[in-house]
Structure formats: C-alpha cells, structure tokens
Amino acid sequence: MKKGLLILTIMVMVMTHALYGQVYQLSIEDVSSLVRTGMNPHPTDDGDTALAYTLMNALDHRYADSLLYVREAYRKKADDDRQKEKSWGALAYIVGRMLNADDANIKHDILSDDLYQYFTDNECSHLKNYLVIKYELNNYRPRSVKEHIAQRTFYDDFLMFNDPGREAWDKTSEIMSKMPLKKGDRAVDVGCGFGYNSLRLLDLVGDNGIVYATDTEKDYIDHLSQVMQKNNIDNLMALHTQSDNLGVSDMVDCIFMSSLYHIIYTWSREDERSALLKSIKKQLKNNGYFVIVDNYNLHGGELNNCHVSPKLVEAQLGFWGFEKVALHTLSDKRYMLIMRRNDNYVPNVKAQSSKGVPSISINSQKSIVHIGSLDSYDITDLGIDAANYVYDFASGGDRSLGEIAIKKYDEIIPKENFGGEYTALKWLCKALLAAPTQLDSMLKDPLVRSFYHKMTDDTCKVLRYYLLHKYKLGSDSLRMLSDSILEMSGEVGRTHRSYLEDYILALNPMRQSWENTPLIINNLGIKPGDIIADIGSGSGFFSYQFSKITGSKGKVYAVELKDEHLNTLQQFIETEHIAHIDTIKGREDLITLPEKVDMAFMCSLYHVMYAVVSDSDRDTYLKSLKECIKPGGSLVVVDNGPVDVSTLPYHGPYISRELIEYQLYYYGFILEDYIQIIPQRYLLKFKLKH
C-alpha cells in the first residue's frame, strides 16, 4: 500500500508540474524587441499628395501620359517601399490595366478582376473617393470621424489585401505549397479580409472541401460574399465573426491566420484572446493544424510596421496544447509557423538561451507585453450605463443622476477597472454634488483644482464631449455636432480624445490612492536642487510632484510629444507661477536637454517604446538619453506588469519587467533596484555602466 501510494504521489507531482510548472525560456540576445505593433503603418507625405492630385486630374481629363507617369511612380514606390505602404502595387495595377499595359508577372483571377472593376466602375468613383479621403484633396474634411476612418481603412485594406502583385512580398505560392491541406479538407481563414488567401486555400481543398472565410469587419465579408455569389462559388463560406470567437461550428482540419497574430498578442484584451484561442482549439480536430504567417523583426523595415517573434507565438500556443511542427522562413520579412493540436502535449521546457545571455521565463498563456487601445478595458455595458448617468447629470440633470452614477461606479470598479478613469468620473460627480466649503477642501491641491476646472467649466463642456465620444453616447449627429463645435477635423478630433483620456488617467484626483504614488516618490531619492527629466510627462502629474521636492534651486524638464499636453502643463505653470518647470517638445527618435540631469524618469511609457516605436528610433533615443544623464545619475522606469487571473489587471497596457531590464542592459543600463509598488505596477531603477 505504501509503495503504491508513493508511486501515485510521484505521478501526481509529475502531472502537476507538467500542467502548471513548465516554462519556456526565451533568450534576449540583443536590443531588439520581440514584438511590435506600429501605430501608423500608412503615413503620407507631400509627395504622395502631389501624386494623388496628378492621378485625380488624369482621371478627370483622361490624360494618358499622366496616367503612365503615375503608374511608373507607383510601381517604383511598390518596389522601394513595399514594407511601409502596400497599396502602391495595387494602384499601379489598376492604372496600368486602364492603359491596357498589364504586368506580365501578374496572373488575373476573379479577385484581381473584382478589384479593378470596383475602383474603375462609374468613372472611377471609388478610386477618386479614395484619393480624396486618403490625401484630403480639395480641402476635404470628414462629416463623421467614425465614417471617415472606416471608409479610409476599407479602401486601404482592399488595395493591400487583394493587391494582384502580393506574391512578390507575401510569397503566397510558397505558403500554399507548405500548407498541411489535402483535397476534401475543411479550413478556416481567420481575418480573411477580402478573400485573397481564402480563394487559394479553396484551390487546395478542391470542390469537395470547404473554406470558411471569417473576419470581424462586416463590410469586408459582405463584399467577399457578393464576389462568391457572382462567380457561383458555393464552398467558400464568408462569415462575419466577433474578435472573441472563431465563429465556425464545424470541426475543421486546418486554421490559417495571416498577418494577424501580432495584433492578437499585443492588442486583444486578455479575455478576448483567451476566448478566441479556446474556440480555435475547440473547432480544430485533434492533430489538426494551426498555421500562422507573420513578420520577422527587421529593425523598422518590417511589413506594415509590425512583427512578432515566432518563439513568442509558439510559447503562448504551447500552453493551449499546440506543438510546433515546423517554422519556415519565407523571406527576410515573413515566416510561416505550423502548430498542431495535441491534447497530450506538454510544453517544451528546454532552455533556448546561451551561457551568459539573459532569458525570460514564460509560464502561462498570457502575453508578456500588451499595448491595449483607446478603448482597452473601459468600454463595457456597465461602463456605458454609468457614463450615461454622468453625462445627463453634467448636462444639467437632477442631482439624483450624479448620486446614481456614484453608486454604479462603486459596484463596477472592483469588478472590471483598476487604474482607469472610473474613479476620476466618480470623483467629478462628488465634486459637482459638493457643498461650497466641501468643494474648497477638495480643490486645495493646485493640480486637482486645474483638473476640476478643465473638466467642469462652461457647463462641463469638456467632460460631456469626452463621455459622448469615448462611450459612443447619443446619436452620430450629436457627436458630429460636438466635433464641429470644437472645429476639429477627423484625425485631429480623434487625437484630441486620446489626449483627454491620457489627461484624465494621469491627473485623476484619486490616482495617489490606487497607485500608491508616495511610495514611488519616496523611493526616487530626489533632493532639493536636483535636475530631473520627466520623459513622457503628459500634462505634468509627476513634473509637479518633483518640482515640490527639487525646489527653486532645482529644475524639472517636462518632455512630451503631444502639443496639447505641453500646452496644458504650460498654462498650469504660468497660472501657479512655477519657474523651475520647463516644457520641452519631445521626439520619438532623439532626446536633447539643456543640461545633464540627475535622474531621467519614465512612467507608463516604456511599453510603448518597446512594442510601438521602431527599433531604429528607440535605438537612437536611448543612446541619446545616456548622454543626458550625469555620471552617477539614474534612469527610473515605472510601468504596469501582468498579474495572475485572481488579481484585477491594470486598465490596459502592461509589460513584463524583464523585457525592460534586459533590453536596457544591452544599452548599458544596469538594474540597481526593483520595487513592486502594487501588484499591477512596479518601479525599476537603473544606473549606467562605468
């Protein structure tokens, strides 16, 4: 009995270790980031706009010479700049076909015919509309921010995804030759766009197979469905799905995902990603294949400004019961990772790091860096419900509306939001309900006072504007009216709302209570007379705290990219007559300061530097930062970390601290101190190597 019990105990221990104790070890061998999701993959410049005007004029007057000039210009851009703007190739194809000058390397199919017809029918109405919207020709201004972004994205994606010359950069033929599919199989193309890969997968499974083409964009699916119906293709099923579900009830042999996993890894909410991967595993046959095509890191030259290390993908999927079958390098830009569902699979724990090379442990299915978005964790049904009460109360409604909003925030804050804006909105309701003497007490701090007046002056105009757009309250026409009142174009209006969210998060009067700000300040070692650089200062929350310690003999340099934050902070400095805070307009690729500093400080910024800023820009920035710090000075990074499932996460972005520590190690910054401020937030203090 004792021997049997011992054997059973050992088996349980082994199984427990296999299920919960295994980790992937990923080596961090240089300064490169493991994942990046660029913010603006489709920048335009004056030359692009001039070319768009030339094309528009040629279309209006049928100037063949001008069309030929534009075609050659687009072809050159497609060859030289493929990784940054893939619509050039499709535009060159469309214009060339108008001139009956087809490219011999491009094979026509139903999708290339559809692309051409879509953009040239009705005297090229869609092509002209695209040029106007994309390049804001003829002083174009959108009627609606939402409609403007949706329409421009539709055009951009259509041209990129169904580019007839896509083979040149995507290596589509090679991808399809390596697909683990045979005739009669069933496959899913996740994030199918306009069906480019879906149609090629259909060739592999044949007439007796089925391809499910899924996408979260309904307009894309509707367009693909029309193309399939027009061409009498009945075994390609175009399905509109949600981001948290595969959307297919059939058991399938293979699931294919191209240029999407970097978004799932860095942008999808934890609950969305987990639900999606759970549904993928559920609908994939045991020993079925999950194929991911994505981009390698090319230090700023990657396709669409995005990449994700195949090791990260393999590690995350390993905890879902997928084992790696093969990793194929398609080109210097692209790879193809083939994973197989194996219900008996235990993640491989062999260390992948070399001696003396730092490595990071991945011991769960969570991402180790998450960027989030403007609407990351705050847009929920309960959040919208509470925001409606705040909006009605701030619009002159009865006091009871504000009291109801406070009660609703009391209920939902512990459930779904930590470090977000709910506590700020609750505080504003309390301030608006407060008696004069109570309000005076609430507004003793100058920074809190400035926050209150910014949000509530002029009948709460700014607060109502923010709630209206952030939570999509009211009607489209009402939101359009509020945009026009502020005299903002679509992109400027969108930027303004992003600024307001940052402002509310940073200057939240309740911030010190949830963040434990005093613990951060007390561990910085700031002394009177010190010179501090607050990098990514926003509207000055920490800059002001630092200035109170350094005193008039010290100096705080508030470095910020966004003009609205700088203007807000400058106004506060002037109002409060603070002479020892200077604002500095920042750059992504370089930092310059009037003098060397005792401490450079970054709060809630490094996750952006790691996973959004390009390697080349970050490289030049951090090298210039080293030159700005005095000998013996320090760099302090405060950021958000991932937490276990039993702990309410921070409202959006996070990054495993080891990614920061090891990346900065290669730049000559040595970790001197690490403090866990709260479960969701940490402080890292670095010294320069001697």
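How much FRET efficiency would the formula 1/(1 + (r/R0)^6) give for MET176 and HIS577, where r is the Cβ-Cβ distance and R0 is 51 Å, rounded to 0.05?
Efficiency for this residue pair is about 0.15.
Normalising by the residue count of the range 106-238, find the relative contact order in percent from Cα pairs under 8 Å and 6+ residues apart. Provide the component values of the computation, followed by the final result.
Details: 148 pairs, mean separation 27.2, N = 133.
Dividing the mean separation by the residue count of the range 106-238 yields 20 percent.
Summing -39500 (n - 2.57) over the DSSP H runs of n ≥ 4 in the chain and dividing by its residue number, what mean residue ellipticity at 222 nm do you reach, to the nearest 500 deg cm²/dmol?
Values: 27 runs with 334 residues, N = 690.
After summing the helix terms and dividing by residue count, I get -15000 deg cm²/dmol.
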>> Check which residues have an amide H placed less than 5 Å from VAL252's amide H, if you skip close sequence neighbours.
In response: LEU284, LYS285
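Highest mean first, how do 310-317, 227-234 rank when packing is the count of other Cβ atoms within 10 Å averaged over residues? Please report the intermediate quantities before stating the final value.
Details: 310-317: 22.2, 227-234: 13.9.
Packing order, densest peptide first, comes out as 310-317, 227-234.
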> When all protein chains stay in place, what accessible area (Å², nearest 10, 1.4 Å probe) is found for MET56?
Replying inline: 20
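Taking each pair of different alpha-carbon atoms in the chain once, compute 1/r for the pair, average those values, and report the inverse of that mean as the Kirkwood hydrodynamic radius in Å to one decimal. Don't jump to the answer; show the numbers that get you there.
On the way: mean 1/r = 0.0360 Å⁻¹.
One decimal place: 27.8 Å for the Kirkwood radius.
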> What is the pair-distance distribution P(r) of the range 196-281, computed from all Cα-Cα distances in 10 Å bins starting at 0, with each bin given as a whole percent?
Replying inline: 16, 48, 30, 6
> Can you work out ³J(HN,Hα) from phi for every residue in the range 65-73, in order, using Karplus 6.51 cos²θ - 1.76 cosθ + 1.60 and θ = phi - 60°, giving whole Hz and x for Gly and Pro?
Replying inline: 5, 5, 4, 5, 4, 5, 4, 5, 5
> Tell me, what HN-Hα J-couplings in whole Hz come from the Karplus equation 6.51 cos²θ - 1.76 cosθ + 1.60 at θ = phi - 60° for each residue of the range 555-572, using x for Gly and Pro?
Replying inline: 8, 10, 9, 8, 9, 8, 6, 8, 4, 4, 5, 4, 5, 5, 5, 4, 4, 5
> Leaving out ligands, DNA and RNA but keeping every protein chain, what accessible area does CYS628 have, in Å² rounded to the nearest 10, with a 1.4 Å probe?
Replying inline: 10
>> At 1.4 Å probe size, what's the solvent-accessible area of HIS108? Round to the nearest 10 Å².
In response: 90
> For the range 174-321, how big is Rg over Rh, using alpha carbon atoms and the Kirkwood form of Rh?
Replying inline: 0.95
>> With θ taken as phi - 60° and the coefficients 6.51, -1.76 and 1.60, list the Karplus ³J(HN,Hα) couplings across the range 300-307 in order, rounded to whole Hz; mark glycine and proline as x.
In response: x, x, 6, 4, 6, 6, 9, 7
>> Straight-line reach from LYS585: which lysines fall under 20 Å, measuring Cα to Cα and dropping same-chain residues less than 8 apart?
In response: LYS555, LYS562, LYS596, LYS623, LYS626
>> Need the full-extension length gain, LEU68 to ALA435, defined as separation in residues times 0.36 nm minus the C-alpha distance. One decimal, nm.
In response: 124.9 nm
>> Compute and list, largest first, the equivalent-ellipsoid semi-axes of the range 292-336 from the alpha carbon gyration tensor, each √(5λ) rounded to a whole angstrom.
In response: 21, 11, 7
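The values are calculated or read from the model by the stated rules, or taken from the named source; none is laboratory data. The model shown is predicted, which means the values in this text are computed figures rather than measured ones. Backbone-built Cβ (ideal geometry, glycine too); neighbour counts: all protein chains shown. All accessible areas refer to the heavy atoms of the entire protein, side chains included, with ligands and DNA or RNA removed. Shrake-Rupley method; radii C 1.70, N 1.55, O 1.52, S 1.80 Å.
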